[in-house]
Amino acid sequence: MDCLFCKIINGEIPSAKVYEDEYVYAFKDINPQAPVHVLVVPKTHICCADKIAAENSVNVAKVFEAIPKIASTLGLTNGYRVINNCGEDGCQTVKHIHFHVLGGKKLPETMA
Ligand code: AMP
Ligand code: ZN
């Protein structure tokens, strides 16, 4: 499958890995929007939040179980923001579901 994040997960394309387990891979965003900006992705290819269903939601649950561990490792003791962009109107550019974890400073309140 021609998917950028599948290629990052399987090591075909290099990334700055910050966390990995059986279900989840996390790496630094190449174009950071905050002092800390990582992408947390399930290893299973799911294109977007709109395709989460009973059969694949365990992979998303694993992402959210990993996020506190990743946040702790990255020193985000004062909070952080988790963002998912979905589809055209959500401005999703990479069609492998991913969750942006942003922090390291007080983030702006507005998002849209
Ligand atoms: P989205 O707009 O929600 O689909 O987010 C895609 C994100 O992937 C953007 O923040 C990009 O900066 C990031 N990105 C694209 N290519 C890479 C890459 N090779 N390594 C790390 N992050 C990437
Ligand atoms: Zn993929």
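Per the Debye calculation on the chain with a single equal scatterer at every Cα and no solvent contribution, log₁₀ I(q)/I(0) for q = 0.11, 0.19, 0.22 Å⁻¹ amounts to -0.33, -1.02, -1.35. Our summary gives segment 24-72 a relative contact order of 35 percent, counting only alpha carbon pairs under 8 angstrom and 6 or more residues apart. Cβ-to-Cβ counts within 10 Å put ILE30, ILE97, ILE9, ILE83 in ascending order as ILE30, ILE83, ILE9, ILE97, the fewest first. Each Cα pair under 8 Å and six or more residues apart adds its sequence gap; the mean of these over the residue count of the chain is a relative contact order of 31 percent.
Taken one residue at a time, the phi angles of segment 36-42 give Karplus couplings (6.51, -1.76, 1.60, θ = phi - 60°) of 10, 8, 10, 10, 10, 10, x Hz. Gly and Pro are set to x.
Taking the Cα centre of each part, how many Å lie between segment 57-95 and segment 13-53? What the calculation gives is 8 Å, centre to centre.
Identify which of ALA61, ALA53, ALA16 has the largest mean-square fluctuation in a Gaussian network model of the chain, with springs joining Cα atoms closer than 10 Å. Taking springs between Cα atoms under 10 Å, the residue moving most is ALA53. Estimated translational diffusion coefficient (Stokes-Einstein, Kirkwood radius over Cα pairs, 25 °C, 0.890 mPa s) of segment 1-67: 196 µm² per second. Helix 57-73 and the long axis of the chain differ in direction by around 30°, with both axes built from C-alpha atoms. For LYS51, the lysines whose Cα comes closer than 29 Å to its Cα, not counting residues fewer than 8 places off in the same chain, are LYS7, LYS17, LYS28, LYS43, LYS62, LYS69, LYS95.
Every read-out reported here was derived from the displayed coordinates using simple, explicitly stated rules and does not represent laboratory data. Because the structure is predicted, anything quoted here is derived from the model rather than measured. Note that each Cβ is placed from the backbone with ideal geometry, even for glycine, and that neighbours are counted across all protein chains shown.
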